[in-house]
Structure formats: C-alpha cells, structure tokens
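A short write-up of the structure that comes next.
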Amino acid sequence: MADAVVTFLLQNLTQLLSQESNLLAGVEDQVKLLKNELSLVNVFLQNTEGKRHDSGLVKELINQIRDVAYEAEDVIDTFIVTMTKHRKRSKPRKVIHFFDKAIALHEVAHKIESIKNLIKETYNNRSKYGIEIAESSGGDAEAEEMLHRRRRYVEEDHVVGFGHDTQALVKQLIEGNLQHNVVSIIDMGGLGKTTLARKIYNNNNVKNYFDVQGWVYVSQEYRIKDLLLEILKDVTPMPKLKKFMLKAELKDELLHGLETKYSLNKDKLKGTLVEDLKGTVEMNDEEFRKALFEFLEHIQDHTLRNSLSGFVRGIYRKNGEGLQDLDDDELKCALFHYLKDKRYLLVMDDIWKTEVWNEVSTAFPKNLNGSRILITSRIKEVALHASSHNNSIYIPPYELQLLNQDKSWELFSKKVFRGDTCPPELETLGRQIVESCHGLPLAIVVLGGFLANKEKTHRTWSKLIGHVNWYLAQNKSFYRDILALSYNHLSQHLKPCFLYFGIYPKDFEIPVMQLIRLWIAEGFIQQSGSRNMEDVAEDYLEELIDQNLIQIATKRLDGGVKTCRIHDLLRHLCISVSAEEKFLEVRSNVNLSPMSKSRRISIHSANHPDISSNPCEPSNSRSFIGFGEVVKLESPLDKSNYLKWLCETNKLVRVVELSNMGICCLIPNKIENLILLRYLSIQSGELHVIPDSICSLWNLETLDLRNSKRTNYKIKCLPKGIWKLQKLRHLYLDGPTSLPRTDNTVILPNLQVLTGIAINEDIESLFAKARFPNVQKLELHSIRWTESGLLSSLHPLQHLQTLKIYELILLSSPTSFHLTLTKITIFVGANLFGGGVMRVLGSLTNLRILKVVGDGHHQITLDCDESSFCQLEVFKMAKMQVVHCSMGKGEMPRLQRLIIECCDFFFISPEELCWLTAIWNVEVLYPSPTLAKMVQQLQNQMKDGCKLQVYPPLDQTYRESRS
C-alpha cells in the first residue's frame, strides 16, 4: 500500500504546484525537490511490486517509505490549511499575524528538508542491506507451492455438495459436439474449484471417454516450460517420447551434415533418403528417426555406413537424456504431435493470467474428436479469454455457489466428528457457528479441523460465538494466505479500492454509487484521458467482481450494478491487511482517544456514540465513516457536536460520511476549518438552510444532505456562495430546494449530479444559461409549476443523460426534452398522463429506460404510433391504472424488459405483446386481481423465448383475492 500512498501524494503535489502554487509561496522549491525524491521512490516501488512477500527486509523498507510518505503528506496538508486560513484574514489581521506566517514558512521548510533527507536515507538502505529485487528470488514460487500442498489437503478432504455441479460439468465434457472446447470453473478462493475439478477428472465416465488425461497446477508464479513438462509427464510414457524428440538446432545440423556427406558420395547414395531431404520436412521426429536408421542399415559400403552411423548417433547423443534439455517450442511441438490423433482432457488448475493461455494453447491440437480443456480460475476474464480465443463453441464459465445451511452443516460435521454423529445438545450451537462461515467450504473445513481437536462441550464451543473470524485467523496458513492470493494478484490501482470494502459492516448491502463517490474523494481513481472518473471507477468495480472478490447484490434497470456485497471472510482480510498498512481501522465506538494512526476510521456502533467526554488529541486521519442505528439526541447542541468535534480534532479530514449512523446533524460555522474536505454526507435533520460557511470548502466534490425517510425536513434554499464550489461533482438534496440567483457568468463546471431542485423561474434561467454545462443526472421537483418553459431550457445541457421529475403535471411539445436523454423517471402528479404525454416521450430517439410511477390512482394511456420509442429497452410502470393500451406493429422495436408493479390494467391482449418483437422478459409484481386474471390467460400465449415472471405466484394471488 506504500505504492498507493506515494502515488496519491505525488498527484496531490503535482496538482498543488500547477493549480494552487500561491498557497506554496515561500516553500515551492522545497516542495518540487520533495516531489522529485518521491518520484524516484515511486519507481523503486513499481519495480518491486509482486516481489516483496519473501523478504522481511523489503517489507520493512516498504513500511518505512509508507510512514515517511504519510509524514510528508501531513506536513504539506497542515501548511495548506495554515496558508488558507491566513489568506482569508483581513489586511489588518494579516499584518498582525505576519510573524506567524513567517514562522510557519520556516517550520515547513525545515520539516520538508528533514523528510527529504529521511527519504534519501531510507532509499539508500537498499544498498546498505543488499536489497536488490531486479528479479524474483524464487521464494514466492516455493511459498506458493507449499501453500498449494496445504490447500490440496484442505479442499479435497470431505467433499460435500458437488453432486449437481459434477453432473452438469461431466455432461459438458463428454456430450455435445465434437469440436475442441474449453470448459471453465470460476469463483472466489476457497469455494472448492480444485476439489470439483479433481472429482470430475477421476469420474469413471470421464476416464472411459478420453484416450489420455493430464493435469497441471498453474498458479501465479509459473514457468511455461514447467507447465509443458508436467502435462507431458501425465499424457505420455516418457522413455518413448524421448526417443523421437530432437532439438531444432540439432536437426538442422543433422540435415546439413547429411547433405555434405551426400555431395561427397553421390554415386554411393543415389536414390536413397539423403538424395532428397525435402521429403523429411513433413515427417515428425519419430518418423524421421525411424526412416533415418532404416536407411543406415541398407548402406552397402561398410566404411560409409560406419561414418554416417557415427555422425547420426553423435547428433542424438548431443540431444541429451531428458526433456529438460528441450526448449519451450520443442516441448510444445512434442505435446502437439502426441495429442493430435487422440481424444484428450487437460485440466489447467488455478490460472491467474490470460498470458498463460496464449502461450500454452498452441500446443493443444484443435481436433474434431471431442477433446476438452478444463480450467479453474478466480478470474472471470481468464475463463472468457480462453473460450473466446479457442475458435470453438462458446461455453459460459461455470460459477460455483456457496454451500447452503444444510450442506455447510454436513461438511462441518464430517470434519469435526469424523463419521460419528453430533450430540443433540451441540447441534443448535454448532449450526450457529457454521453460519458464521457464510457457506465457504475452506472456512468450514479449517474451523472444523480446529474444533476436531478440542473438547466437544457446550462451554468450549460457546467461546466461538461472535469470534469465528478470530479463530480462523489462528490458522493463517490455511485461511488467510489462500484468500490473500487474490489480493496479492490485484493490480496496484485496485488494491486500495478492495481494502476500502473493510469500512462497511458485516453483511452490509453497499450502494455502488456511494462507494464510487467515496473512491473518487479518497483519490483512488486515476484519471484516464478524457473519461469520466465515475465511469473509470465503475470499471474498477467490474474488475473486482470479475475476480470474484465482490458479489453483485442487485442490478439497475440498465444492467449496471446497483448494490454489492463482500463475503465476511474477505471483509476480514480487508480489515486485517488495512490494519497492518495503517490504511483503515474499524472501531465499535466513537471514543477515539488515544487516536489511531490509521488514515481512515470506520465506526460500527449499535449504541449512542459518546464523543462529548474524553476529548481526543488532534488526529491526522483523513476519513471518518460511521454506521449503525443510534438513539436520537435530545438537543440541537448535541446534534451539532458530531461535526463540531471533527472540526476541532480532524482538521486534515477529507471524507466525512455520517449518513448511515441514523442521526441528524447540524452544520457548525467551524466547518470552514475543514479546508481539505472533499466529501460530506450527513442527514441534515431540522436544517432548513445550509450555512454560508460551507462554501469556503473549495476542495469539496460531494455534498450529500439527504435525510432518511423518517423525517420531513427539507432544505429550502442553497446559500449564495454555492457558486464558489468549483470542484463540486455531486450535490444531493431531498428537495424541493431553490438555487440562488447569480448575476455574473459563474458556472459549476465539474457538477455531474444535481438532485432535489425546485422548478421555478430561477432554475429555468440557470439551465438556459448553461450554468451546469457537464451535468449528467438531474432530479427536479415540480411544486405545481408549469413544465413547458423548464423542459425547453434543458437543451443547453449537452451531457444530460438521466432525468427524474417529481409531481409532473404537464408535458408539452416533443421538443421539450433534450435528445441526449437515455433514462427518464416520472412521478406523476395528476391524471394527465395520456396518449399525448406518451407521444412526447416516444419522440426521444435516445431514450433507453422509462419509469412511470403514480400513487395507485393515477391513470395512464399507452397509445403510441409506429415510430415511438425507437431505442427503448426497459419500460417500468408502478402504481398506475392503465385505462387503455393500444400498441401496433413497429412500436418499441427494441423493448427487452417490461416491468409492471402494483398496477391495474383494464385490458391487455396477447396481440399487444406480440408486436414487441425484441422482448424477452415480462415481470408482473403484486398485480391487482383483475390484472392477475389477464396474466393467467397470457401465460400460455407468450411468444417463444419470452420469460413471464409473476410475484407473488398466480395461485397465491388468487387465494388472496378470494379471501
């Protein structure tokens, strides 16, 4: 993690030197020199990436670099806060505090020089202690091989729950077409991919189907030559193989020598093999050797025969005694020729990189006899790559599932009791313990092995309740090291993003958009050309999902990830690694004295956090994140304490996320002291107006003041100084909130998301003047304002993609909406959502997602023409009464999903749905009795390939309607 610390500090210094150099006046040269020193250190860190696990000296050096980088960051940030405070003073006060500024300049210059010397000393320790890491020492490979042997013991002991998986995968291997295909098993570490592959490999039907089978364990540390040798040892008798293997350069020497012999003895060798050696090119080594020695036996001239035989045998003696003497290409050639006429099954276990497949796959003949490659991997990209580059029929990766409660208990019982049954008095407690493993076989086996050697009593087992992760951590060689392989394999830019999941409580469903905003504020997202940082962050998340470190919980209508989860054992890995790296610390209360040295504090509190007593010392933590439902505080003074406490003790904080703590906060005037603050998210409670002091936070990127659903308090107006927040990217309000007028040409150039804004003349004017030129997501509240002028004012918003409108009353001409809109959500405000409204929406040529939500009484008319909704893919209606549905041929030609929730239809016919040629999924949720009857009639008349889902099931709906 030192890499991420140094990289972020370098980015911060570069930005300060280029954009805020006036804040560094007096120490700018020292900061540039510091930046240069850090750049050299950064090169060293990049060169040592992935080569640090086997050296305690290297680890210690990296830790020292991280601590020095943290210290440098503290010095620079403290100076920035001091200079910003001085710059805001009036001229008289600047004169008064002139000497304070001079002292601060002298102190920071001295500290920077000390840090620079410390960096040099730390960096120079490489040579002093012989730390040179140009190449891996091989220690990583040895450690991984030892871990592999332990893993084989853990994973393959007491196989449980793979019956269905085995049956499905065996079918893929021995049935279907005769093309050469790749079958893959993927999922997170510890789920039993190798165990399942071994069970399939040893299946009798599989053994009888294939002529030859081979198994190779790949791992992160691999050599292509070793992999090829391992496969060759499995699939072919070694002595026989060695007989016909000949190195390429020796074959060239042999052919050249034969040509020379022929040129000197043409009369004696005419009409023999050596007269035309071109014919030998098509022979493999075995055929060539056989033909060559037959030729030697038939030479009549005894002297010539002995001369040629001695030459040939000398060449073959040079060839060596073992396969180790062959290079990679020769080994590939040998494997290819041996397999080309055979139906083979090769298992490549634990592949981490696509490059492995690229290098070895050329040795696998693509014959048409049903040969198969079975690979296991934690990384989805590897499986997809192998399938897509195989020129065969694509077979989707087979994803393993976590064990259910019964299978988990069965595996645990087999491991603990070794064939005996569990005493009845321990089963309830035992099941409670097993539940903490969340269905991960690796954790269950390790925990079971631990308890198998302990006294089997209620007193012993009860000690584990609530502490399973701690006991698992005692078996690091089995548990953490296996899971940590996935973390160690991550690219450097993904490691801090993964560790950040440790901030969330156990089993927490993580909102993806919140996570992305936090990543950006923390500085984890690297700018990629002109790409939007939110899109880059979403790519990062997809990478973590594809590497089976993060699980998808729910998806958005457009297919993107809405919420995600992390398995509790991986979350525990995040927390333990973060603690070692001083990256993150999780606490169960807010009483942080003595203050942690960690850069990020996450509070998981189930009770009222006490922060007023035991005041803390000043902290250098950069992030403060809270979770947990807490009791409401009685007085407004108490409510302001949370931010007031942060303003006094955490002046270098960048991220404050308190919205998940279940408390409402007031914003103190001292909020302006948090100069470095990039992210602020709180429940604003009874706050009707945001104080103007918040507009001094010139680094602020995200401001989220939405309340929980339990409160009705709304912020009525934003302060006039809101236009000073030039770095603001996300502004979230419940609304309806008014924006202040501005007479100048100031804009918010980086604003991407704006929600909770009241529709009025002021907002129309601001939109028309493009004061938010890069806004992509907009949420508006009608408050009974006519929409005709507003919607036309959206045209200057060239990047607007998502629009949500509450209490929509009127929608005018088709030109009202901007043509770049791809998603619209409308909360209907009156019974005016008729055919005219649908025709206006249908004219939007880029619209892909449409949601219409009423209150259960609002009516809608689905009346479209042939050119309507030409790009619409998803249409959702909720709490509406559909009074008329008229759809004809050509309407909604790309519609794929239709979602109807809590709606009532007066009539819908199968013919209406038949016109939707692209539709493949119809979801009907909580239908009215009338709609349920219609769906019952439609169920057997849906077109082929279209899936109809009804919840609750129709029989249950009928029972409820009768009752």
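The values are calculated or read from the model by the stated rules, or taken from the named source; none is laboratory data. Just so we're clear, the structure is a prediction, and the values are computed from it rather than from any experiment. No Cβ is skipped: glycine too gets one built from the backbone with ideal geometry, and neighbour counts run over all protein chains shown. Calculation scope for accessible area: heavy atoms of the full protein, side chains included, ligands and nucleic acids excluded. Shrake-Rupley method; radii C 1.70, N 1.55, O 1.52, S 1.80 Å.
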Calculated FRET efficiency for the pair Lys769/Glu113, C-beta based, R₀ 51 Å, to 0.05: 0.55
Length gained when the stretch Asn846-Gln937 is fully extended (0.36 nm per residue, less Cα-Cα span): 29.4 nm
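Give me the Å³ per residue figure for the convex hull around the C-alpha atoms of the stretch 294-417. Could the numbers behind the result be given before it?
Numbers: hull volume 25.9 nm³, N = 124.
Hull volume over Cα atoms, normalised by residue count, gives 208 Å³.
Between Leu40 and Lys366, 0.36 nm times their residue separation minus their Cα-Cα distance comes to what? If you can, show how the numbers build up before the last one.
Values: separation 326, 0.36 × 326 = 117.36 nm, distance 4.86 nm.
Taking Leu40 through Lys366 to full extension adds about 112.5 nm, to one decimal.
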Cβ-derived FRET efficiency at R0 60 Å, Asp234 paired with Lys270, nearest 0.05: 0.85
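Any of Lys85/Lys111; Lys597/Lys670; Lys85/Lys804; Lys582/Lys716; Lys270/Lys290 with alpha carbons more than 30 Å apart? Name them for me.
Over 30 Å apart, Cα to Cα: Lys85/Lys804; Lys582/Lys716.
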Label point at Asp539 placed 7 Å out along Cα→Cβ; residues across the stretch 549-566 whose backbone nitrogen lies under 19 Å: 560-561
C-alpha center-to-center spacing [the stretch 193-211, the stretch 746-763] in angstrom: 62
Added length on full extension, which subtracts the Cα-Cα distance from 0.36 nm per residue, Gln798 to Asn205: 207.3 nm
Protection proxy ranking, peptides 165-172, 523-530, 348-355, average beta carbon neighbours within 10 Å, highest first: 348-355, 165-172, 523-530
Spin-label proximity, Asn669 to the stretch 718-737 - amide N less than 19 Å from point 7 Å beyond Cα toward beta carbon: 719-722
Cα-projected label distance for Asp329 with Asn63, points at 7 Å along beta-carbon direction, nm: 4.8
Pairwise label distance in nanometres, Lys225 with Leu925, each label 7 Å out on the Cα-Cβ vector: 6.0
Inter-part distance where the stretch 508-552 and the stretch 339-360 are each reduced to a Cα centre, Å: 32
Peptide ranges 875-885, 497-507 listed from the most packed, as the mean C-beta count within 10 angstrom indicates: 497-507, 875-885
Whole-number accessible area per residue in Å² for the stretch 493-558, which is evaluated in the context of all protein chains at 1.4 Å: 34
Highest to lowest packing among 444-455, 203-214, scored as the average C-beta count within 10 Å: 444-455, 203-214
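With r as the distance between the Cβ atoms of Lys32 and Asp743 and R0 = 35 Å, compute the FRET efficiency 1/(1 + (r/R0)^6) and round to 0.05.
It comes out at approximately 0.30.
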Simple label model, 7 Å out from Cα along Cβ direction - Ser307 to Leu954, nm: 9.4
